[in-house]
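Following: one structure in structure tokens, then a few remarks.
The values are calculated or read from the model by the stated rules, or taken from the named source; none is laboratory data. Fair warning: this is a prediction, and the values are worked out from it, not measured in the lab. Using ideal geometry, Cβ is built from the backbone for each residue, glycine included, and neighbour counts are taken over all protein chains shown.
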Amino acid sequence: MIIKFKEMYLSFPGLIKIIGSASRTAAEYPIQLIITVLLISMYAYLSTIELLFEDWSSELKGYIMSMDNLKSADTNNYDDWNSKKYENFIKYKGTSSWINIDDQYSKTFGNIYNNDNFHHYYLFNVVIDDEEIETLSLTNLWPNVIQENSTLYILSENNSLNLNDIIGISNNTGWELIDPTPKLNFLELLLQRYNHQNFELKNILTNGTGFLIMAYFQIFYLIINLFLQMKNNGSNFWLGFMALVSSACSIILALFLNWHINGIKTTLTELFTGLPFILVIVGFKHKIMIAKDITKTISLINIIDRKEISKIISDSIINNGTYFLQEYLVSIISFIICSFLCKELKFAKHVCILSACVLSCGLLLTVTFYCAILSLKLELNIIHRDTALNISSWENTNERLNEDPDRGLRNFALKSPKIIRIAKVLLISIIILVNVFELLLIFVRNTKSQIKSSSNIEIPGRKIQDILQLFNQDSKNIVLSVSASYFFHIAKQVHKESWMDFMLIEIYKFISYAIRDKLISKLMLCLLAISCSSNIYLLNVANIHTAQTRKTIHNQRKEAKKEKKHHSVTKLEKIEDVDNKLETPELKCKGLVGDTLAIKKIYSDSHNYLEKNNLKDFQKQDIQKQVTLNKNESSKRQPAISSDDQQVIDEVINGKIPLYSLETYLNDKERAVYIRRKSIAKMANIPILDTELLPYRQYNYERVFGACCENVIGYMPIPVGLIGPLIIDGTVYHIPMATTEGCLVASAMRGCKAVNEGGGLTTVITKDGMSRGPCVQFPSLKRSSECKMWLDSEIGLEKMKVAFNSTSRFARLQNIKTALAGDLLYIRFVTTTGDAMGMNMISNGVEHCLSKMKEEYNWNDLEVISISGNYCTDKKAAAINWIEGRGKSVVAEAIVPGETVRKILKTDVKRLVEVNISKNLIGSAMAGAIGGYNAHAANLVTAVFIAMGQDPAQNVESSNCITLMSEVNGDLKVSVSMPSIEVGTIGGGTVLDAQGAMLDLVGVRGPHLTEPGANARKLASVVASAVLVGELSLISALSSGHLVKSHMALNRSKKV
């Protein structure tokens, strides 16, 4: 295990600066670095794979040997095979029998191979395929070649020959050595492998089986924990997978360096035994820590004011560098020292050295390869987030939802995360099964051992004797070395190579060998899949922007065509009417896309303008006609707009320009606000609007116009306080609150401190469904009751779901509740709305459902009284919201230690419980409250709503809350249950800059990238948590008698 120092940290400023620079460079060039590291790892893998299996049996070793050696085996170099491939015989002159020469014979009679009294010959046993032997003409063989069926016995005085010289083949072909060995039985080879390794593993497994099994189980735990932690960081698969790839590369590189630098060849036994401990040493906690820190930083950065990804990664490495650099260095040094202390224990020494190498490579790859992976992942996430925000702004209104109901098909990744998860699981399962299958096939592959026992070879004595006479006329003693059987087949003969051909062929052979390798081929396939997926994703993102741009241009062209019917395009600037018939000294011109151009006044008198430019009379007449034409056409639609503010104000006062249309006429939102203020100040005699006590400058009115407010005269600054840190479901939050009530933020801060002492809050979302309740009517009660029964049935519900769900990618109808009042039928639709609050979305769906009922489902006598029949119920206190819920139903709970209640809240647990029961429960019941069983939930809800761009009016139902307190083992258990919190993270006031920034602060701005509705549910949990800490603090102040005192100190206005 890596040694931890929690109390003492060593400082490595120089090294931290180096790794920070390395991580930044890796993040700036992620693809280049990833490919480089993978290529180096592939080379190291190919260079060490043979060594890893060095202790395998000779049959399996033949399979692992380089394919390059087989393909380049030359028949001219049989001496490469060791002497065990020959079986030696001796025949004395004058005799006809052959004597097998063994080692004992050589010891008795000495070395006969270099004896002048003996002639040494080699007999090569060559086997040719039966089908190929039939196609060849072997009648003109050399005298030293004997053919028996498909076997050729070739006699030679030296131990090398070229089969192509002896048996030449036409058509530019030649002979190639092949592998004839049949596939072996899996169980037999497994038994061979076990017997071969049994002795080496016996001592290890006997003494440390338990530790080894525990280590492997810990590996599985580390891998599972890695993916769970990465999922919390926003990555379901890829960050965890690439962390495993990084660790695998570090092990491969360590094996390579351990061999080439230290000269230590790690055997399979050492690797099998030491691998789990090495993986436990490397671990993944540093990668998880870096990923968590970086993703948290990214989530807190405003989209508009974004930092560079490389800078964020570099800062995270530098901030966390002292901690993990110390652990790595201390562990590396410890293993090096252990390797010197264990010189006599070869196995322990090798494992220690290998562990030090693995840690060194792991440190290097963490600050380079893994940082490059994080950079690439975060860039894709930011592109995804920006795109999603743009899509959410386009789909913010019902009209845009209706214009393109199939838009979700073009953004499949955002539509169905469930399908994505299923696809990922299937892909991973297939990869695992394929690799397991390939691993098992290792044991049953053809080996390349070309050795056969020569004990069964029958020497064709008579023919050999005849051949020997050709070589040995004096009939000396003969030594004959008989080779094992070599199998050949016909192959293309390679022409004579130049040095360039040789280099190209060698490179090709290496690449071909690498591609055929089982691991490399799978890795290349995975890389190809990742590359294709990334490019497809980026292409889809580009297509989304392109489609929206194309749509915008199309709409602009349509508007331009309409405008051309009413206006002529003029290039004239401000010219007054020559005949003094024009009252307006300015012209309003239209551009090609219908944008109003404010034309500045150049000359106050058109006569002076014409004389100054020496225009001829006919030119003057043309200009005057053009001016008159523009005046007549524009006057039919609207008055001309002057660049002089006072003239525009006069037009507004005279009723020629409506107050609500100033933004459209002026095409300058801030100027329109200014004109409106001045006009109202004069018309209504409100001089306060002539001042700037109500500010209006430097505000982004583009986001307000057509979305948030009309007849805008400025904006209302409200103080924003921050409470926190507050631990909610294990995550730390800071919550903004916009309020003008003193003590509120301070009180909530005290509640945060007390709750954190007990470990924070736990929240649960019990329901998620927005409602809309239209009122419809039928001619008779009977028809109304029949419709009610149809809607309550499964058939009716299914048809309504199909109709409703077709209107939006996110709206999904959950259930319908109906009620009758005479012949009036009230229908309460409940549906999910994604990350939007959803009133527009559900209203559009309800309207479509009612239309379908009337037109297609045989309820043609249905009459819609109101799309909202107060059966929802929206912005009103209603028992149905308290009972059935509306929006998000949240329950939050916290345990506050008794000591914390006494020290921080200045009261005791029993007193708190008593006050809560008497006030919040009995007191509210006496008052006949509906959902008001709390102290001041509306205070916290409204403050958070205003700060985060929610609808403040919906605090009516969102503030429904019951606060419960009880004593548990001397500690205080407090909870709030809020069944109808109505929030959203897209649309409405969330589009405003300040409110959007506060959503960014909490980390819930815009739609969730993979799980629609997750951001809105998180925001609801935050609201409920703020209510809990506010409730806790206020009840504590009431129980201790500090309420009036604190309000007198913090909620009293002072003279300025």
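What number of residues within the stretch 965-983 are farther than 20 Å from V1022 by Cβ and either crowded, with 19+ Cβ neighbours inside 10 Å or out of contact with any Pro (no Cβ under 6 Å at 6 or more places or on another chain) (or both)?
Residues flagged as farther than 20 Å from V1022 by Cβ and either crowded, with 19+ Cβ neighbours inside 10 Å or out of contact with any Pro (no Cβ under 6 Å at 6 or more places or on another chain) (or both) within the stretch 965-983 amount to 8.
Can you find a residue that is of a type in the set (V, I, T), part of a strand (DSSP E or B) and within 23 Å of G1013 (Cα to Cα) anywhere in the stretch 835-845?
Within the stretch 835-845 (the criterion being of a type in the set (V, I, T), part of a strand (DSSP E or B) and within 23 Å of G1013 (Cα to Cα)), the answer is no, since none of the residues qualifies.
Here is a yes/no grid of residues against (1) surrounded by fewer than 13 Cβ atoms within 10 Å (Cβ to Cβ); (2) within 18 Å of G996 (Cβ to Cβ); (3) touching a residue at least 60 places away in the same chain (Cβ under 8 Å); (4) among the aliphatic types (A, V, I, L, M):
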position	(1), (2), (3), (4)
V652	no, no, no, yes
R676	no, no, no, no
L694	no, no, no, yes
R697	yes, no, no, no
V704	no, yes, yes, yes
A707	no, yes, yes, yes
E710	yes, no, no, no
M716	yes, yes, no, yes
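Got a number for residues in the stretch 245-273 being at pLDDT below 80 and either under 18 Å from I333 (Cα atoms) or not in a helix (DSSP H, G or I) (or both)?
The qualifying residues number 7.
For V913, only one of the following conditions fails: (1) outside any helix (DSSP H, G or I); (2) surrounded by fewer than 24 Cβ atoms within 10 Å (Cβ to Cβ). What is its number?
It is condition (1) that V913 fails.
Within the stretch 792-813, is even one residue within 29 Å of the chain's Cα centre (by Cα) and of a type in the set (K, R)?
yes
Can you go through Y733, Y699, Y715 and tell me which one is more than 21 Å from D645 (Cβ to Cβ) and of a type in the set (S, T, Y)?
Of the residues listed, the single one that is more than 21 Å from D645 (Cβ to Cβ) and of a type in the set (S, T, Y) is Y733.
Just one of (1) surrounded by 14 or more Cβ atoms within 10 Å (Cβ to Cβ); (2) not in a strand (DSSP E or B) trips up F829, so point out which.
(2)
Considering V913, V896, which residue is farther than 23 Å from P1012 by Cα, touching a helix residue (DSSP H, G or I) at 6+ places or on another chain (Cβ under 6 Å) and modelled with pLDDT of 95 or more?
V896
So L825 passes all but one of these: (1) under 30 Å from T942 (Cα atoms); (2) over 35 Å from the mean Cα position of the chain (by Cα); (3) modelled with pLDDT of 95 or more. Which condition number does it fail?
Result: L825 passes all but (1).
Where in the stretch 675-787 are there strands (runs of 3 or more DSSP E), lying wholly inside it, with at least 3 residues that are in contact with a helix residue (DSSP H, G or I) (Cβ under 6 Å, 6 or more places away or on another chain)?
720-728, 731-738, 761-772
Of the numbered conditions (1) within 43 Å of the chain's Cα centre (by Cα); (2) in the same structural domain as A1020 (by TED's automatic domain parsing); (3) at pLDDT below 95, T942 fails exactly one; give the number of that condition.
Checking T942 against (1) within 43 Å of the chain's Cα centre (by Cα); (2) in the same structural domain as A1020 (by TED's automatic domain parsing); (3) at pLDDT below 95, the one that fails is (3).
Condition first: touching a Ser or Thr at 6+ places or on another chain (Cβ under 6 Å), of a type in the set (K, R) and under 28 Å from N960 (Cβ atoms). Now tell me which residues in the stretch 895-926 satisfy that.
Selection gives R911 alone.
In the list L726, L666, which residue meets the criterion of being in contact (Cβ under 8 Å) with a residue 24 or more places away in the chain and either touching a Leu at 6+ places or on another chain (Cβ under 6 Å) or assigned by TED's automatic domain parsing to the domain that holds G742 (or both)?
L726
Do you know which residues across the stretch 751-763 are buried (at least 22 other Cβ atoms within 10 Å of the Cβ) and closer than 12 Å to G724 by Cα?
Within the stretch 751-763, G751, C752, A754, V755 meet the criteria.
Table: residues versus (1) crowded, with 16+ Cβ neighbours inside 10 Å; (2) under 30 Å from F778 (Cα atoms); (3) touching a residue at least 40 places away in the same chain (Cβ under 8 Å).
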residue: S866; (1), (2), (3): no, yes, yes
residue: G869; (1), (2), (3): yes, yes, yes
residue: K888; (1), (2), (3): yes, no, yes
residue: P897; (1), (2), (3): yes, no, yes
residue: V909; (1), (2), (3): yes, no, yes
residue: I922; (1), (2), (3): no, no, no
residue: H936; (1), (2), (3): yes, no, yes
